[in-house]
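The values are calculated or read from the model by the stated rules, or taken from the named source; none is laboratory data. Everything numeric in this text was worked out from a predicted model, so none of it was measured. Counting neighbours? That spans all protein chains shown, and the Cβs are built from the backbone with ideal geometry, glycine included.
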Amino acid sequence: MSVLEMREVVKDYRLRNGLRSTRLRAVDHVSFELKPGRTIALVGQSGSGKSTIAKLLMQLERPTAGSILVDGEPMRYHGAGAAAYRKAVQMVFQDPFGSLNPYHTIAHHLARPVKLHHPDFTREQVADRVLELLHRVRLDEDFASRKPHELSGGQRQRVAIARALAPEPAILVADEPVSMLDVSIRLGVLNLLAALQREENLGVLYITHDLATARHFSDEIMVLYRGAVVERGPADDVILNPQHEYTQLLAEAAPAPERRLAELGP
Amino acid sequence: MAITTEGAVQAATAAPARRRLPPMTLKLAVGLTIAGVIILFGVVGPLLVGNPSTVRDIGLTGPGNGFVLGTTQTGQDVFAQLAHATRGSLIIGVVVGALTLLLSSFFGIVGAFVGGWADEAFSLFTNIMLVIPGLPLVILISSYVPNKSIWLVAAVLAITSWAGSARVLRGFTLSVRSRDYVLAARISGEKRWRILLVEILPNLIPLLASQVVFAVIFAILGEAGLSFLGLGASGSFTWGTMLFYAQNGLALRLGAWWWFAPPGLAIALFGAALSLINFSIDEIINPKLRSQTRAERNKWSVKA
């Protein structure tokens with residue numbers, strides 16, 4: 001499995017208000033293709049449907065219409081097909097403080113996906129793999145015996161990335177992986193993701209509302225507005241030459257010292 | 001591209017070993033000691049004393065004269081009665097605690113985890129059980145059943161007391177089940193029962209532990225109340241029946257403190273001991289709950 005494709009996917013939510021119910025279209029005919037080694041950034045404001053797309057890809061929600069194709073075949077929700085899909089597509093959550101179970105050690109978080117995807121591994125093999133995963137995200141071995149509350153936000157997010165890498169996925173969905181982190185450690189985590197992507201030839205869907213990191217980090221940018229893709233293209237084109245008015249608004253909102261200085265004038 | 005490893009600095013300090021048992025604080029030590037002494041007395045005591053129902057023609061006598069805690073109006077050995085009563089009350093407490101734990105976790109946790117119609121049905125049933133008043137139900141049952149065993153009383157107390165805990169557990173389970181780490185477990189392909197038992201249940205342990213401990217206290221107090229009203233188990237000794245007979249024998253008016261004080265003190269001490277243990281359990285399982293006393297806070301303040 002290598003190529004993940006969303007084709008004309010629609011997701012509606014029914015909002016119940018007493019006896020009346022209204023329909024909210026969270027995702028509106030979105031199509032794109034994720035390939036290994038490529039990074040697509042999905043940019044949009046809160047409520048534009050970014051996270052719903054992540055949930056659809058992670059099988060936490062089902063599309064109302066349209067289809068999600070894996071190497072041209074429709075996605076399976078049950079049985080061996082679903083297990084193979086979970087091995088191939090993994091996710092890094094937004095909030096590193098909520099995505100690790102406070103009761104369990106870091107080793108448990110990393111060992112479970114390893115055991116699930118390699119039931120034949122012995123205890124020693126699983127332990128070795130856990131240490132190897134910690135190395136991959138540049139954490140020391142003694143983190144294995146620690147509990148999440150002893151770690152900082154950046155360290156937790158590295159553990160979350162290691163957990164997502166445990167099944168050796170081909171595709172990684174990163175749902176605002178740095179938005180809950182301190183500005184000072186964001187670059188570290190993003191660089192780590194970029195390095196891992198190159199090492200493992202991952203296809204990454206980078207969901208963000210930050211145009212600057214999207215441009216820095218991805219090959220292609222898709223701008224989402226009210227559930228629909230309003231603009232897409234190579235990262236530099238979208239940022240430097242925005243066509244849609246919403247993208248122009250986003251680009252203008254980013255701080256640009258040169259423009260500001262020019263405005264102030266001599 | 002430089003990769004910053006902010007983890008490396010902290011990793012230099014050795015990771016503390018995983019702590020599973022509570023640190024021996026004064027609270028826990030006192031609680032364990034009192035509860036241990038009472039439980040030991042309840043287990044061993046009845047083997048060492050004579051028949052608590054033997055009637056002697058010495059009447060009401062104070063402590064001493066061969067009877068550690070004196071005798072009742074009919075010359076029965078109060079110490080022997082206390083030993084059997086402790087065993088009876090502890091049995092009630094343990095049985096009700098276990099039944100309450102089973103019922104409340106089944107209806108509270110499983111319903112909330114499965115969701116949908118199961119949740120609706122379980123929650124409706126819990127609410128119905130919640131509004132059934134315990135005392136009138138017990139009075140009703142006791143008027144129909146002439147010979148109530150200690151087990152029947154325990155069952156009635158359990159049936160009327162699990163619903164409150166179930167509601168609390170349901171609320172907490174609903175909140176835990178939608179956390180990101182549960183979603184992450186689903187994404188990695190964990191089985192549903194495993195998510196419930198390994199990812200969700202451990203986070204409920206502090207809640208369950210405190211509920212069991214309070215269910216035990218509630219059961220012992222409830223049984224004492226029922227027995228005091230004359231609705232308790234017939235033909236068995238508990239702290240409540242001792243108080244009932246002491247009240248009937250006008251112990252207070254006759255100044256026979258050795259008759260009513262021991263069972264009353266036993267109830268108070270055992271309740272206090274279980275509460276102390278309960279607080280200590282909370283502190284280990286959830287470090288965030290660890291109470292910050294003033295002395296503790298002062299340690300944190302910067303002494304420049």
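In the stretch A:206-241, which residues are within 14 Å of chain B (Cβ to nearest Cβ), surrounded by 19 or more Cβ atoms within 10 Å (Cβ to Cβ) and either of a type outside the set (Val, Ile, Thr) or in contact with a Pro (Cβ under 7 Å, 6 or more places away or on another chain) (or both)?
Quick first cut of the stretch A:206-241, residues within 14 Å of chain B (Cβ to nearest Cβ) only: A:213, A:216-217.
Narrowing the set further to residues that are surrounded by 19 or more Cβ atoms within 10 Å (Cβ to Cβ) leaves A:213, A:217.
Hit for the stretch A:206-241 is A:Phe217, nothing else.
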Exercise for the section: Would you mind telling me which numbered condition in (1) in contact (Cβ under 8 Å) with a residue 40 or more places away in the chain; (2) over 15 Å from the mean Cα position of the chain (by Cα); (3) away from chain A (no Cβ under 14 Å) B:Leu201 fails? Expected result: (3)
Exercise for the section: For B:Ile187, indicate whether it is farther than 24 Å from B:Leu130 by Cβ, out of contact with any Asp or Glu (no Cβ under 6 Å at 6 or more places or on another chain) and among the aliphatic types (A, V, I, L, M). Expected result: yes
Problem - Residues being more than 15 Å from A:Ser51 (Cβ to Cβ), β-branched (Val, Ile, Thr) and touching a His at 6+ places or on another chain (Cβ under 9 Å) - total across the stretch A:2-32 - result: 1
Handout entry: Which listed residue, of A:Gly79, A:Gly49, A:Gly66, is surrounded by 19 or more Cβ atoms within 10 Å (Cβ to Cβ) and on the phi > 0 side of the Ramachandran plot
Key = A:Gly49
Fill in the blank from the handout: Apart from one, (1) in contact (Cβ under 8 Å) with a residue 40 or more places away in the chain; (2) outside any loop (DSSP other than H, G, I, E, B); (3) not aromatic (Phe, Trp, Tyr) all hold for A:Glu33; the odd one out is (1)
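Quick check on the stretch A:175-193: of everything there that is of a type in the set (Asp, Glu) and touching a strand residue (DSSP E or B) at 6+ places or on another chain (Cβ under 9 Å), which residue is farthest from the other protein chains (Cβ to nearest Cβ)?
The initial filter retains those residues of the stretch A:175-193 that are of a type in the set (Asp, Glu), namely A:175-176, A:182.
Within this subset, residues satisfying the condition of being touching a strand residue (DSSP E or B) at 6+ places or on another chain (Cβ under 9 Å) are A:175-176.
Numbers: A:Asp175: 10, A:Glu176: 12 Å.
Among residues in the stretch A:175-193 that are of a type in the set (Asp, Glu) and touching a strand residue (DSSP E or B) at 6+ places or on another chain (Cβ under 9 Å), the one farthest from the other protein chains (Cβ to nearest Cβ) is A:Glu176.
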Problem - Members of the stretch A:103-147 that are surrounded by fewer than 22 Cβ atoms within 10 Å (Cβ to Cβ), assigned to a loop (DSSP other than H, G, I, E, B) and more than 7 Å from every other protein chain (Cβ to nearest Cβ) - result: A:His104, A:His118, A:Pro119, A:Asp120, A:Phe121, A:Thr122, A:Lys147
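Would you call A:Arg156 under 24 Å from A:Thr105 (Cβ atoms), in contact with a His (Cβ under 6 Å, 6 or more places away or on another chain) and at pLDDT 85 or above?
On the way: under 24 Å from A:Thr105 (Cβ atoms): yes; in contact with a His (Cβ under 6 Å, 6 or more places away or on another chain): no; at pLDDT 85 or above: yes.
No; evaluated as a whole, the condition is false for this residue.
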Fill in the blank from the handout: Within the stretch B:90-111, the residues that are over 12 Å from the mean Cα position of the chain (by Cα) and either closer than 10 Å to B:Val212 by Cβ or of a type in the set (S, T, N, Q) (or both) are B:Ser104, B:Ser105
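Inside the stretch A:158-186, can you point out the residues that are outside any strand (DSSP E or B) and among the charged types (D, E, K, R)?
Of the residues in the stretch A:158-186, the ones outside any strand (DSSP E or B) are A:158-170, A:176-186.
Listed by number, the residues that qualify are A:Arg158, A:Arg163, A:Glu168, A:Glu176, A:Asp182, A:Arg186.
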Handout entry: Scope the stretch A:219-266; condition within 21 Å of A:Arg25 (Cβ to Cβ) and of a type in the set (Gly, Ala, Ser); matching residues
Key = A:Gly227, A:Ala228
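Out of contact with any Ser or Thr (no Cβ under 7 Å at 6 or more places or on another chain), under 18 Å from B:Leu196 (Cβ atoms) and either at pLDDT 85 or above or part of a loop (DSSP other than H, G, I, E, B) (or both): is that true of B:Ser123 in this structure? Lay out the reasoning, then the answer.
Working: out of contact with any Ser or Thr (no Cβ under 7 Å at 6 or more places or on another chain): yes; under 18 Å from B:Leu196 (Cβ atoms): yes; either at pLDDT 85 or above or part of a loop (DSSP other than H, G, I, E, B) (or both): yes.
So B:Ser123 fits the description; yes.
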Exercise for the section: Identify the residue in the stretch A:162-174 that is more than 8 Å from every other protein chain (Cβ to nearest Cβ) and surrounded by fewer than 24 Cβ atoms within 10 Å (Cβ to Cβ) and, among all such residues, is farthest from the chain's Cα centre (by Cα). Expected result: A:Glu168
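Identify all residues within the stretch B:74-102 that are modelled with pLDDT of 70 or more and outside any helix (DSSP H, G or I); write none if there are none. Explain how you work it out, then say what you get.
In the first step, residues of the stretch B:74-102 are kept if they are modelled with pLDDT of 70 or more; the result is B:74, B:76-102.
Listed by number, the residues that qualify are B:Thr74, B:Gln76, B:Asp77.
Quick check on the stretch A:52-63: of everything there that is more than 12 Å from chain B (Cβ to nearest Cβ) and not hydroxyl-bearing (Ser, Thr, Tyr), which residue is surrounded by the fewest Cβ atoms within 10 Å (Cβ to Cβ)?
Taking the stretch A:52-63 and keeping what is more than 12 Å from chain B (Cβ to nearest Cβ), we get A:52-53, A:56, A:62-63.
Filter again for not hydroxyl-bearing (Ser, Thr, Tyr), leaving A:53, A:56, A:62-63.
Working: A:Ile53: 29, A:Leu56: 23, A:Arg62: 11, A:Pro63: 20.
Filtering first and then ranking leaves A:Arg62.
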Completion exercise
Every listed condition ((1) at the interface with chain B (Cβ under 8 Å from one of its Cβ atoms); (2) in contact with a Pro (Cβ under 9 Å, 6 or more places away or on another chain); (3) not small (Gly, Ala, Ser)) holds for A:Gln157 save (1)
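Tell me whether the stretch B:46-66 contains one or more residues that are part of a strand (DSSP E or B) and modelled with pLDDT under 75.
If we filter the stretch B:46-66 for residues that are part of a strand (DSSP E or B), which is where we start, we get B:64.
Still in the list and also modelled with pLDDT under 75: B:64.
Yes: the stretch B:46-66 contains one or more residues that are part of a strand (DSSP E or B) and modelled with pLDDT under 75.
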